[in-house]
1. Hey, what do the phi angles of segment 62-78 turn into as Karplus ³J(HN,Hα) couplings, whole Hz, using 6.51/-1.76/1.60 and θ = phi - 60°, x for Gly and Pro?
2. Give the peptides 15-25, 69-79 in descending order of average Cβ contacts within 10 Å, highest first.
3. Distances over 17 Å make up what percent of all Cα-Cα pairs in segment 34-77?
Amino acid sequence: MQPAEGGSTPLSAEEEHRARTVLFSDLGNVIAERGWVRFPAYSPEERRRLVDVAHRLSAHWGQEVFVEAEDQCAMRLYLAGHGSQAPDPVAP
């Protein structure tokens, strides 16, 4: 079956597992280093995948990894204090 025009071809179960494993490792390393990461997510499947990765990282680290849509094309995964809810620095 061909995807609808502009749609994506679903990944096989093995491909999905590999994609989530790579995201867990790569995004987890960046979050551990700087507290947040921005990653493209153009489809509902890609957004669900990133939400799952955030939940897996939360369970692995024992602290919540938050996830939010930055815009229609990107998601932000972050630790407390590194998201949009983080207090803005006080201007001098």
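Laboratory data are not the source of any read-out in this text; all were calculated from the coordinates shown. Note that the coordinates shown come from a computational prediction; the quantities given were computed from them, not determined experimentally. Counting neighbours? That spans all protein chains shown, and the Cβs are built from the backbone with ideal geometry, glycine included.
1. x, 9, 5, 9, 7, 9, 8, 7, 7, 7, 6, 10, 8, 10, 10, 10, 7
2. Packing order, densest peptide first, comes out as 69-79, 15-25.
3. I get 25 percent for the Cα pairs in segment 34-77 exceeding 17 Å.
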